[in-house]
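Trainee: Provided herewith is a single structure, encoded as structure tokens, for subsequent inquiry.
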Amino acid sequence: MTDHTADSDTLVIRGLRVAPIASPETEILQGIDLEVGKGEVHAIMGPNGSGKTTLAYALMGHPSYKVTGGEILWKGRDILKLSPDKRSRLGMFLAFQYPTAIPGLSVASFIRSALNAKLQGVDKTSDVDPTDPMKGGISMRDFRNKMREKMALLQVDEGFASRYVNEGFSGGEKKRLEMLQMAVLEPEMAILDETDSGLDIDALRIVAEGVNAMLNPNLGVLLITHYQRMLNYITPDQVHVLAQGRIVKSGGKDLALRLEDEGYGPILREAGLAPDVPDEALLVPQAPAGAEHEPVEVAR
């Protein structure tokens with residue numbers, strides 16, 4: 001494997017070990033090694049409880065998780081030393097599996113505040129005042145134009161901007177708002193945590209088309225998914241299988257197709273792991289194509 005430790009265009013994860021704060025002796029991630037470069041799409045698949053969401057949260061500094069070992073490097077910095085907001089200012093972005101509702105705060109105000117905060121940069125200086133277009137902030141006119149452009153890209157009705165953040169949103173609307181934030185903020189490393197969960201096939205297609213429209217040589221994507229179907233719309237450069245807290249196999253799109261056919265059982269055995277459940281329980285779930293619904297499984 002090429003050493004990208006000093007490569008500022010690559011997210012480098014080395015020996016990452018993570019445990020929940022509530023149970024620090026129980027490591028969910030047990031040594032993750034992964035590199036995601038700008039312009040690349042990496043998909044992570046794995047059985048329930050393998051640590052997929054834990055990885056996403058650890059990358060963004062979620063306070064419920066403790067990094068017990070390893071390092072994460074991005075843009076030449078050890079991001080484990082940075083707060084979540086500084087990681088965001090450094091060009092990282094997390095689309096949540098279960099976005100939170102914020103009654104009373106409009107989508108437009110929320111996204112404009114986030115954009116202005118990002119414009120300050122990771123090392124805030126008095127030279128940039130995001131509320132002042134003359135000092136690096138975005139004018140209201142420019143912001144409105146940018147929002148209209150991105151809402152058109154994602155097939156989002158303009159009335160969306162005046163609604164309260166996620167309040168009364170369907171599953172598909174919540175995920176489209178995550179994509180709208182991503183489109184406006186224009187991150188360089190996007191982590192999509194099961195963005196396809198709870199979506200019917202039409203909503204999935206719109207979200208996937210939005211992601212594809214945002215792909216560019218300056219954007220790296222770590223796509224965490226429970227279903228192979230997402231990869232029918234977004235073609236990954238690499239697919240990684242996460243199981244029992246570590247990446248046990250990597251490959252191309254054909255690996256995802258094999259998982260859909262065989263489930264995780266054969267690959268776990270090839271990796272020397274002995275699943276304590278029958279292969280039938282390790283099949284890749286076939287997502288329903290019906291109405292949008294909120295999944296009931298607990299993220300981990």
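The values are calculated or read from the model by the stated rules, or taken from the named source; none is laboratory data. All values derive from a computational prediction rather than experimental measurement. Cβ sites come from the backbone with ideal geometry, for glycine too, and all protein chains shown count toward neighbours. Note: areas computed on protein heavy atoms with side chains; ligands, DNA, RNA excluded. Shrake-Rupley method; radii C 1.70, N 1.55, O 1.52, S 1.80 Å.
Trainee: Rank S83, A101, I72 by how far each Cα sits towards the positive end of the charge dipole of the stretch 28-164 (+1 on Lys, Arg Cβ; -1 on Asp, Glu Cβ) and give me just the farthest.
Mentor: A101
Trainee: Can you tell which of P103, P20, P285 shows the greatest fluctuation in a Gaussian network model of the chain with Cα springs below 10 Å?
Mentor: P103
Trainee: Going down the table (K150/K253; K118/K150; K175/K249; K52/K249; K38/K75; K118/K174), which pairs top 19 Å between alpha carbons? Spell out each step's value before the answer.
Mentor: On the way: K150/K253 29 Å; K118/K150 17 Å; K175/K249 29 Å; K52/K249 14 Å; K38/K75 11 Å; K118/K174 22 Å.
Listed pairs above 19 Å: K150/K253; K175/K249; K118/K174.
Trainee: Quick one: if you stick a label point 7 Å off each Cα along the C-beta vector at T100 and I201, how many nm between them?
Mentor: Modelled inter-label distance: 3.6 nm.
Trainee: Oh, and also: Given the rule -39500 (n - 2.57) for each run of at least 4 DSSP H residues, summed and divided by the residues of the chain, what is its mean residue ellipticity at 222 nm, to the nearest 500 deg cm²/dmol? Working shown, then result.
Mentor: Values: 8 runs with 87 residues, N = 300.
Helix-only estimate at 222 nm: -8500 deg cm²/dmol.
Trainee: What's the magnitude of the charge dipole for the stretch 139-185 around its Cα centre, counting Lys and Arg as +1 and Asp and Glu as -1 at the beta-carbon? Answer in Debye, nearest 20. If you can, show how the numbers build up before the last one.
Mentor: Numbers: 9 positive and 7 negative charges, 21 e Å.
Roughly 100 debye, rounded to the nearest 20.
Trainee: Between A271, A58, A243, which gets the highest mean-square fluctuation from a Gaussian network model of the chain, Cα cutoff 10 Å?
Mentor: Largest GNM mean-square fluctuation: A271.
Trainee: Note the angle between two axes, namely the Cα long axis of helix 140-153 and the longest principal axis of the Cα atoms of the chain, as a number of degrees from 0 to 90, rounded to the nearest 10.
Mentor: 40
Trainee: Give the ranking of K86, K118 by solvent-accessible surface, highest area first, calculated with a 1.4 Å probe.
Mentor: Values: K86 80, K118 50 Å².
Final ranking, largest accessible area leading: K86, K118.
Trainee: Okay, next question. Measure nothing but the geometry: give the 0 to 90° angle between the long axis through the Cα atoms of 201-214 and the longest principal axis through the Cα atoms of the chain, rounded to 10°.
Mentor: Taking the Cα atoms of the chain, the angle to 201-214 is about 70 degrees.
Trainee: Rounded to the nearest 0.05, what FRET efficiency do A274 and E149 give with R0 = 51 Å and r taken as the Cβ-Cβ distance? Could you check? Could you put the intermediate results ahead of the total?
Mentor: Details: r = 52 Å, r/R0 = 1.02.
For A274 and E149, the calculated efficiency is 0.45.
Trainee: So if I place +1 on the C-beta of Lys and Arg and -1 on the C-beta of Asp and Glu, and nothing else carries charge, what would the dipole magnitude of the chain be about its Cα centre? I want it in debye, nearest 20. Spell out each step's value before the answer.
Mentor: Numbers: 32 positive and 42 negative charges, 187 e Å.
Its charge dipole is roughly 900 debye.
Trainee: Follow-up question, since we're still on this one. Can you give me the Rg/Rh ratio for the stretch 47-110, using Cα atoms for both radii and the Kirkwood formula for Rh?
Mentor: On the way: Rg = 13.9 Å, Rh = 13.6 Å.
On the Cα set of the stretch 47-110, Rg over Rh gives 1.02.
Trainee: In addition: In the chain, carbon and sulfur make up what percent of the accessible area (probe 1.4 Å)? Could the numbers behind the result be given before it?
Mentor: Working: 6540 of 13230 Å².
Answer for the chain: carbon and sulfur cover 49 percent of the accessible area.
Trainee: Determine by what factor the alpha-carbon radius of gyration of the chain differs from 2.2 N^0.38 Å, reporting the quotient.
Mentor: On the way: Rg = 19.2 Å, N = 300, 2.2 N^0.38 = 19.2 Å.
Normalised Cα radius of gyration, the chain: 1.00.
Trainee: Next question. Rounded to the nearest 10 degrees, what's the angle between the helix 107-119 long axis and the longest principal axis of the chain, both from Cα atoms, 0 to 90?
Mentor: 90
Trainee: Right, another one. With a probe of 1.4 Å, find how much accessible area the chain has per residue, and write the answer as a whole number in Å². Don't jump to the answer; show the numbers that get you there.
Mentor: Values: 13230 Å² over 300 residues.
Using a 1.4 Å probe on heavy atoms only, each residue of the chain averages 44 Å².
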